[in-house]
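Presented below is the structure to which this report refers.
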Amino acid sequence: MIEAVLFDFGGVFTGSPFHAVRSSGQLGGHDPELVIEVVFGPYDRDTDHPWHRLERGELSFGDAHELLLELARERGMEFDPFDALKGMSTDGSGGTEELVERTRKLRADGYRTALVTNNIREFNDGWRKLIPVDELFDVVVDSSMIGMRKPDPRVFQHALAALGGIEPDHTVFLDDFQGNIDAAEALGMHGILVGVDRLAAIKELDALLASHTAA
């Protein structure tokens, strides 16, 4: 049976940071895929790219910001990634309220819940105001606080230990980035990729939970 459901934050409960940066870059006349490469680096790996170091809490926001602006200039772009990210919480894709309510019901129904997010230390107070974090999750794993970031498998192992040592195959993980889903599934977790239609992700989650309850 499924005992716990784990969620990413950005791109799941908010708009996607990848979509926000890609769209902003395109509006600025830049190659959107080049913008993604410059801002986020090889996101399906854990490297010393400034964004990765920022998410691990190794760089301050200010230092990372300067390094990212420099990387953009080296590629011939005047582009500020943090301006692009401002629209994440109001991207208009919908489904956030429904996902919040579904998460609240999961916890009420006895499932353990966790938030497993790659985040930025200086943004901690801001993102927590967007959803009722303490009502929804038993455990919060923030990359900038633990010094590790997805897709490092240790992040998921940390989360499972914090949930009381639940086995990976008794859990579901929802994320908007395929590389993070792949890393979770490699440990034995069930993965659900969240796209623009969050309601579709909720339906997929419900179907998975129902099938495992029936089993």
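Is the shape of the range 129-191 rounded, prolate or oblate, going by the alpha carbon gyration tensor and its root eigenvalues a ≥ b ≥ c, with a/c under 1.5 for rounded and a/b larger than b/c for prolate?
Note, shape of the range 129-191 comes out rounded.
Per the Kirkwood definition applied to all pairs of different Cα atoms, how many angstroms is the hydrodynamic radius of the chain?
Value: 17.7 Å, from the Cα pair sum.
What residue among Phe173, Phe79, Phe13 has the largest mean-square fluctuation in a Gaussian network model of the chain, using Cα springs under 10 Å?
For the chain, modelled as a Gaussian network with Cα springs under 10 Å, the answer is Phe79.
Please turn the phi angles of the range 44-61 into ³J(HN,Hα) values with the Karplus equation 6.51 cos²θ - 1.76 cosθ + 1.60 (θ = phi - 60°), one per residue in order, whole Hz, x for glycine and proline.
7, 10, 10, 10, 9, 4, x, 5, 5, 5, 5, 5, 8, x, 8, 10, 6, 4
What shape does the range 77-173 take by its C-alpha gyration tensor, where a ≥ b ≥ c are the square roots of the eigenvalues and a/c under 1.5 counts as rounded, a/b above b/c as prolate, and the rest as oblate?
Details: a/c = 2.22, a/b = 1.33, b/c = 1.67.
Oblate, because a/c is 1.5 or more while a/b does not exceed b/c.
Below 13 angstrom from the Cβ of Met1, what's the summed charge of the other residues (Lys, Arg +1; Asp, Glu -1)?
For residues surrounding Met1, the net value is -3.
Tell me the relative contact order for the chain as a rounded percent, counting alpha carbon contacts under 8 Å between residues six or more apart.
Computed value for the chain: 29 percent relative contact order.
Taking K and R as +1 and D and E as -1, what net charge do the other residues with C-beta under 12 Å from the C-beta of Gly165 add up to?
Local charge sum for Gly165: -1.
For the peptides 195-203, 123-131, what is the packing order when you average, over each peptide's residues, the other Cβ atoms within 10 Å and list the highest mean first?
195-203, 123-131
Quick one: Karplus J couplings for the range 176-184, per residue in order, coefficients 6.51, -1.76, 1.60, θ = phi - 60°, nearest Hz, x for Gly and Pro?
9, 10, 4, x, 6, 4, 4, 5, 5
Once you've got the GNM for the chain with C-alpha springs shorter than 10 Å, pick whichever of Val38, Val12, Val133 has the biggest mean-square fluctuation.
Greatest mean-square fluctuation among the candidates belongs to Val133.
If you roll a 1.4 Å probe over the heavy atoms of the protein chains, what accessible area per residue do you get for the chain, in Å²?
In whole numbers, the chain has 46 Å² accessible per residue.
Explain nothing, just compute: Karplus ³J(HN,Hα) = 6.51 cos²θ - 1.76 cosθ + 1.60, θ = phi - 60°, for every residue of the range 63-70 in order, whole Hz, x for Gly and Pro.
5, 5, 4, 4, 5, 5, 4, 5
On average, how much area does the Cα convex hull of the range 12-70 cover when viewed from any direction, in nm²?
Approximately 4.5 nm², given one-decimal rounding.
Quick one: which residues, 5+ away or cross-chain, put their amide H under 5 Å from the amide H of Val141? H built at 1.01 Å from N.
Those lying under 5 Å, H to H, from Val141 are Leu115, Val116, Thr117.
The values are calculated or read from the model by the stated rules, or taken from the named source; none is laboratory data. These numbers come from a predicted model, not from an experiment. When we count neighbours, we look across all protein chains shown, and the Cβ atoms used for this are built from the backbone with ideal geometry, even at glycine. For the accessible areas, the whole protein counts, side chains as well, though only heavy atoms, and no ligand, DNA or RNA atoms are used. Shrake-Rupley method; radii C 1.70, N 1.55, O 1.52, S 1.80 Å.
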